[in-house]
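The values are calculated or read from the model by the stated rules, or taken from the named source; none is laboratory data. Keep in mind that what you see is a predicted model, and the values were worked out from it rather than measured. Because the Cβ atoms are built from the backbone with ideal geometry, glycine has one as well, and the counts that use them run over all protein chains shown.
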Amino acid sequence: MSTKTNLHRIPLLGIILIAVGVFLLADQTGMLNLTFWNVVSGIMVLYGAVLVIRSFANDDRSKVFWGTFLFLLGLFFILDGLGLITQQYPVFVPAVFLMLGFSFLMMYLYNLRDWHILIPTVFFAGCGLLIIADELSIVFAYRFSDYFFHFWPVLLILFGLGLIAKARRNRQRQKPEPVAENTPV
């Protein structure tokens with residue numbers, strides 16, 4: 001039996017019910033302080049993981065980005081709810097940039113020939129890291145936010161150039177090769 005068939009036989013609702021049951025059991029035993037947002041975050045993590053696993057197993061790229069993003073966003077909220085993320089500086093905005101960067105990276109890892117996806121990967125991850133470096137006073141020379149708000153259209157330009165280059169490369173691959181004529185000897 002193939003992997004595709006095995007994954008479709010596992011109902012998503014069953015997985016969600018098991019996860020909710022584990023959360024409720026942990027709350028009842030005092031291992032976890034269960035709130036509405038903890039449940040929502042747990043469901044986001046679980047649903048995102050299922051989307052990514054199914055995308056890779058079913059050879060369906062369409063859910064890799066959002067599955068990764070939901071997984072990381074839910075994980076962020078869980079870590080925040082547990083008090084493992086210190087709020088010494090605004091951390092949500094750079095975290096979202098990093099989540100977007102990792103989501104694009106997962107799309108690239110799905111198909112390594114789509115190198116143009118590395119452009120938004122580097123952009124979003126770089127923005128997140130630069131915002132963190134700015135907030136921690138590692139970068140002193142300028143305020144990153146000033147440059148970001150002026151020059152963010154550069155991302156659109158680079159991504160567009162990447163798409164054009166990919167389309168051009170695909171057209172060159174699809175050109176029919178000239179057929180050699182067979183001449184009798």
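Considering only the stretch 47-68, I want to know if a residue exists there that is of a type in the set (Asp, Glu) and farther than 30 Å from Leu163 by Cα. Don't jump to the end; show me each part of the working.
So in the stretch 47-68, the residues of a type in the set (Asp, Glu) come out as 59-60.
Cutting the leftovers down to farther than 30 Å from Leu163 by Cα gives us none.
No.
Yes or no, residue by residue, for (1) farther than 30 Å from Ala125 by Cα; (2) modelled with pLDDT under 70; (3) assigned by TED's automatic domain parsing to the domain that holds Leu112:
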{"residue": "Arg143", "(1), (2), (3)": "no, yes, yes"}
{"residue": "Asp146", "(1), (2), (3)": "no, yes, yes"}
{"residue": "Phe149", "(1), (2), (3)": "no, yes, yes"}
{"residue": "Pro153", "(1), (2), (3)": "no, no, yes"}
{"residue": "Ile157", "(1), (2), (3)": "no, no, yes"}
{"residue": "Gly162", "(1), (2), (3)": "no, no, yes"}
{"residue": "Pro176", "(1), (2), (3)": "yes, yes, no"}
{"residue": "Ala180", "(1), (2), (3)": "yes, yes, no"}
{"residue": "Thr183", "(1), (2), (3)": "yes, yes, no"}
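Quick check, is Tyr108 at pLDDT 80 or above and among the hydroxyl-bearing types (Ser, Thr, Tyr)?
Values: at pLDDT 80 or above: yes; among the hydroxyl-bearing types (Ser, Thr, Tyr): yes.
Yes, satisfied.
Please determine whether any residue of the stretch 101-118 is in contact (Cβ under 8 Å) with a residue 12 or more places away in the chain, of a type in the set (Gly, Ala, Ser) and either in the same structural domain as Ile157 (by TED's automatic domain parsing) or exposed (fewer than 14 other Cβ atoms within 10 Å of the Cβ) (or both). Within the stretch 101-118, one or more residues are in contact (Cβ under 8 Å) with a residue 12 or more places away in the chain, of a type in the set (Gly, Ala, Ser) and either in the same structural domain as Ile157 (by TED's automatic domain parsing) or exposed (fewer than 14 other Cβ atoms within 10 Å of the Cβ) (or both).
Highlighted here are the helices (runs of 4 or more DSSP H) found entirely within the stretch 14-112 that include at least 3 residues which are of a type in the set (Val, Ile, Thr): 36-57, 64-81. Selection over the stretch 1-26 of residues that are over 26 Å from the mean Cα position of the chain (by Cα), at pLDDT below 75 and not small (Gly, Ala, Ser) gives a count of 1.
In the stretch 50-73, the residues that are more than 12 Å from Met106 (Cβ to Cβ) reach residues that are surrounded by fewer than 21 Cβ atoms within 10 Å (Cβ to Cβ) and β-branched (Val, Ile, Thr) with C-beta atoms within less than 7 angstrom, at least six apart or across chains, in these pairs: Val50/Ile15; Ala57/Thr3.
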